Amino acid sequence: MSAKRYLFGASVCLAAVMAFLAGCETDSADSEIYVTPESVVMVPGQTQEFVAHDGYDYRWSLNPDDGSGRLNTTVGDRVIYTCLATNVGASPKRVVVSAFIKGTASGASTNNAAPYSASAEAHVYYPTPTGGGSTGTASLKVTPSAAAIGTGGTQALSASGGTPPYTWSVKTASLGSVFPTSGQSVVYSATATPGTNTVSCLDAAGANVLVTITQN
């Protein structure tokens, strides 16, 4: 066999081996697990679902686990966190999830590579009221600051100051809702159930205003 034929045959074999190895590779593991939402502002009694992405065999925990919050489960890709703080000035909390990711920590991922452990977290913040129900930036205000309406009734609420845009939510959905959930002005609609509800107005800078709605 001539040298040229030998080199040609070796080149073909090498190309075949490289193609086979390339076929065994998967996409690079250049992304880590993450949690949505990344941060929330909550008031006592409010619940929030957190969802983990891009991993498997999830394990959830709280840091600190001081009794001011509770998870409905510690496994699975999603959990529901319940705020149990007795006051809205509780210390911030981290909702931590650990999981496994296929590949290697360096990002060179293959089907045969051993999985590695990674973690992610979300943050729960509790506003601290300062006169008039306002938290954070003092210039954020909601009018009216409190209201009493009949069951089934409505109440217009308007935000001013702070840093737009504004995001609105309610503590107890079974008592009422706000529409729309963003913007300067919203309308709270009470259900037929009597009780006391809390409407939260959060601005883009993290300032928060709590409005108490009493419905009878």
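Miscellaneous remarks
- Criterion: of a type in the set (Gly, Ala, Ser) and in contact with a Phe, Trp or Tyr (Cβ under 6 Å, 6 or more places away or on another chain) - qualifying residue of Ala159, Ala148, Ala205, Ala190: Ala159
- Near pairs, Cβ below 9 angstrom, 6+ apart or cross-chain, from the range 140-154 (touching a residue at least 12 places away in the same chain (Cβ under 8 Å)) to any residue that is among the charged types (D, E, K, R) and not in a loop (DSSP other than H, G, I, E, B): none
- Of the set (1) modelled with pLDDT under 85; (2) loosely packed, with under 13 Cβ neighbours inside 10 Å; (3) under 27 Å from Tyr125 (Cα atoms), all apply to Val41 but (2).
- Residue that is farthest from Ser158 (Cα to Cα), among those in the range 183-209 that are hydroxyl-bearing (Ser, Thr, Tyr) and not in a strand (DSSP E or B): Thr193
- Exactly one residue among Ala192, Ala207, Ala159, Ala147 is surrounded by fewer than 13 Cβ atoms within 10 Å (Cβ to Cβ) and not polar (S, T, N, Q), and that residue is Ala192.
- Single match in Thr104, Thr36, Thr74 (criterion: modelled with pLDDT under 55, of a type outside the set (D, E, K, R) and surrounded by fewer than 16 Cβ atoms within 10 Å (Cβ to Cβ)): Thr104
- Looking only at residues of the range 144-182 that are outside any strand (DSSP E or B) and of a type in the set (A, V, I, L, M), we find that the one that is farthest from Gly45 (Cα to Cα) is Leu175.
- Every listed requirement among (1) in contact with a Ser or Thr (Cβ under 8 Å, 6 or more places away or on another chain); (2) without any contact (Cβ under 8 Å) to a residue 60 or more places away in the chain; (3) exposed (fewer than 14 other Cβ atoms within 10 Å of the Cβ) is met by Pro180 save one, (1).
The values are calculated or read from the model by the stated rules, or taken from the named source; none is laboratory data. For clarity, every value in this text was computed on a predicted model and none was experimentally measured. Neighbour counts run over all protein chains shown; Cβ positions are idealised from the backbone, glycine included.
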